[in-house]
Amino acid sequence: MTVDKFGMYAKFTAKPGERDQLVGILLEAATGAGSVPECELYVVNVSETEPETVWVTEVWSNAEAHAASLQDEATRAMIQRAMPLIAGVESIPIRPVGGKGIK
(Lines give C-alpha, C1' and ligand atoms only; values in the text may rest on other atoms or scores of the structure.)
Protein backbone atom coordinates (compact mmCIF):
# COMPACT_ATOMS: atom_id res chain seq x y z
CA MET A 1 0.00 0.00 0.00
CA THR A 2 1.62 3.23 -1.18
CA VAL A 3 -0.24 6.41 -0.43
CA ASP A 4 1.60 9.71 -0.53
CA LYS A 5 -1.16 11.82 0.96
CA PHE A 6 -0.52 14.24 3.78
CA GLY A 7 -2.87 14.93 6.63
CA MET A 8 -2.94 16.85 9.85
CA TYR A 9 -4.97 17.23 12.98
CA ALA A 10 -4.43 20.76 14.28
CA LYS A 11 -5.61 21.71 17.76
CA PHE A 12 -6.08 25.43 18.27
CA THR A 13 -6.64 26.80 21.75
CA ALA A 14 -8.33 30.16 21.46
CA LYS A 15 -7.83 32.93 23.94
CA PRO A 16 -10.81 33.20 26.32
CA GLY A 17 -13.90 34.42 24.48
CA GLU A 18 -12.24 34.30 21.03
CA ARG A 19 -13.20 30.79 19.89
CA ASP A 20 -16.12 31.78 17.67
CA GLN A 21 -14.12 34.48 15.89
CA LEU A 22 -11.30 31.98 15.32
CA VAL A 23 -13.82 29.44 13.99
CA GLY A 24 -15.05 32.07 11.53
CA ILE A 25 -11.56 32.62 10.14
CA LEU A 26 -10.93 28.87 9.89
CA LEU A 27 -14.23 28.42 8.04
CA GLU A 28 -13.07 31.13 5.60
CA ALA A 29 -9.93 29.04 5.09
CA ALA A 30 -12.11 25.97 4.46
CA THR A 31 -14.07 27.88 1.82
CA GLY A 32 -10.83 28.97 0.14
CA ALA A 33 -9.52 25.41 0.25
CA GLY A 34 -12.55 24.38 -1.79
CA SER A 35 -10.92 25.84 -4.89
CA VAL A 36 -7.61 24.03 -4.31
CA PRO A 37 -7.78 20.58 -5.93
CA GLU A 38 -4.88 19.26 -3.83
CA CYS A 39 -6.87 19.89 -0.63
CA GLU A 40 -9.17 16.90 -0.31
CA LEU A 41 -10.53 17.62 3.17
CA TYR A 42 -10.57 20.63 5.48
CA VAL A 43 -12.98 20.27 8.39
CA VAL A 44 -13.34 22.69 11.30
CA ASN A 45 -14.53 21.11 14.57
CA VAL A 46 -15.23 22.52 18.04
CA SER A 47 -14.68 20.52 21.18
CA GLU A 48 -17.68 19.42 23.22
CA THR A 49 -15.55 19.31 26.39
CA GLU A 50 -12.99 22.12 25.98
CA PRO A 51 -14.78 25.42 25.30
CA GLU A 52 -11.78 27.21 23.79
CA THR A 53 -10.57 24.31 21.62
CA VAL A 54 -10.96 24.09 17.84
CA TRP A 55 -9.73 21.12 15.82
CA VAL A 56 -9.00 21.26 12.09
CA THR A 57 -8.73 18.03 10.12
CA GLU A 58 -6.89 18.31 6.79
CA VAL A 59 -6.07 15.87 3.99
CA TRP A 60 -3.88 16.96 1.07
CA SER A 61 -2.74 15.10 -2.04
CA ASN A 62 0.83 15.47 -0.72
CA ALA A 63 2.92 17.39 1.82
CA GLU A 64 4.28 19.75 -0.84
CA ALA A 65 0.77 20.94 -1.72
CA HIS A 66 0.10 21.69 1.93
CA ALA A 67 3.37 23.60 2.28
CA ALA A 68 2.63 25.58 -0.90
CA SER A 69 -0.81 26.53 0.45
CA LEU A 70 0.84 28.22 3.42
CA GLN A 71 2.69 30.55 1.02
CA ASP A 72 -0.54 31.76 -0.62
CA GLU A 73 -1.13 35.48 0.03
CA ALA A 74 -4.75 35.02 1.12
CA THR A 75 -3.78 32.18 3.47
CA ARG A 76 -1.01 34.27 5.00
CA ALA A 77 -3.46 37.14 5.57
CA MET A 78 -5.89 34.79 7.36
CA ILE A 79 -3.08 33.47 9.53
CA GLN A 80 -2.17 37.03 10.50
CA ARG A 81 -5.80 37.74 11.44
CA ALA A 82 -6.05 34.55 13.48
CA MET A 83 -2.78 34.83 15.42
CA PRO A 84 -4.02 37.38 18.02
CA LEU A 85 -6.93 35.04 18.85
CA ILE A 86 -4.78 31.96 19.49
CA ALA A 87 -3.30 30.98 22.85
CA GLY A 88 -1.70 27.78 21.54
CA VAL A 89 -1.43 25.37 18.61
CA GLU A 90 -0.56 21.69 18.49
CA SER A 91 -0.38 19.75 15.26
CA ILE A 92 -0.24 16.05 14.61
CA PRO A 93 0.91 15.09 11.11
CA ILE A 94 -0.81 11.97 9.79
CA ARG A 95 -0.60 9.83 6.65
CA PRO A 96 -4.09 9.02 5.37
CA VAL A 97 -4.21 5.58 3.79
CA GLY A 98 -7.84 5.35 2.69
CA GLY A 99 -11.47 5.42 3.72
CA LYS A 100 -14.65 7.21 2.80
CA GLY A 101 -13.93 10.60 1.30
CA ILE A 102 -10.27 9.87 0.51
CA LYS A 103 -9.51 9.96 -3.21
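The values are calculated or read from the model by the stated rules, or taken from the named source; none is laboratory data. Fair warning: this is a prediction, and the values are worked out from it, not measured in the lab. FYI the Cβ positions are ideal-geometry reconstructions off the backbone, even for glycines, and counts take in every protein chain you see. These area figures cover heavy atoms from the full protein model, side chains too; ligands, DNA and RNA do not enter into them. Shrake-Rupley method; radii C 1.70, N 1.55, O 1.52, S 1.80 Å.
Expressed as a rounded percentage, what relative contact order does the chain have, with Cα pairs under 8 Å and six or more residues apart? Kindly include the intermediate steps, with their values, before the conclusion.
On the way: 167 pairs, mean separation 47.2, N = 103.
Rounded, it is 46 percent for the chain.
Calculate the tail of P(r) for region 1-41: the fraction of all Cα-Cα distances greater than 16 Å, expressed in %. Don't skip to the end; give the middle numbers.
On the way: 427 of 820 pairs.
That fraction is 52 percent.
Per DSSP H run of at least 4 residues, take -39500 (n - 2.57); add these up for the chain, divide by its residues and hand me the 222 nm value, nearest 500 deg cm²/dmol. Don't skip to the end; give the middle numbers.
Working: 3 runs with 32 residues, N = 103.
So the calculated ellipticity at 222 nm is -9500 deg cm²/dmol.
Please work out the average accessible area per residue across region 6-98, using the 1.4 Å probe convention, and give it in Å². Show your work: numbers first, answer last.
Numbers: 5390 Å² over 93 residues.
Dividing the accessible area of region 6-98 by its residue count gives 58 Å².
If you take every residue apart from Glu64 with its C-beta less than 10 Å away from the C-beta of Glu64, what net charge results, scoring Lys and Arg +1 and Asp and Glu -1?
Working: positive: none; negative: Asp4, Glu38.
Surrounding charge for Glu64 is -2.
Can you order the peptides 89-95, 64-70 by their average number of other Cβ atoms within 10 Å per residue, highest first? Please report the intermediate quantities before stating the final value.
Working: 89-95: 11.7, 64-70: 14.4.
Answer by packing, highest mean first, reads 64-70, 89-95.
Using alpha carbons only, how many degrees (0 to 90, rounded to 10) separate the axis of helix 19-33 from the longest principal axis of the chain?
The helix 19-33 is inclined about 30 degrees to the chain.
What does the extension gain come out to for Ala30 and Val43, with contour length at 0.36 nm per residue minus their alpha carbon separation?
On the way: separation 13, 0.36 × 13 = 4.68 nm, distance 0.70 nm.
Extra length available between Ala30 and Val43 comes to 4.0 nm.
Below 15 angstrom from the Cβ of Gly34, what's the summed charge of the other residues (Lys, Arg +1; Asp, Glu -1)?
On the way: positive: Lys103; negative: Glu28, Glu38, Glu40, Glu58, Asp72.
Charge balance near Gly34 sits at -4.
Roll a 1.4 angstrom probe over the protein heavy atoms and tell me the percent of accessible area of region 1-52 that is carbon or sulfur. Each step should come with its number before you reach the end.
On the way: 1680 of 3130 Å².
C and S fraction of accessible area: 54 percent.
Nearest 10 degrees is fine. How inclined is helix 73-82 to the longest principal axis of the chain, computing both from alpha carbons?
Tilt relative to the chain: about 40 degrees.
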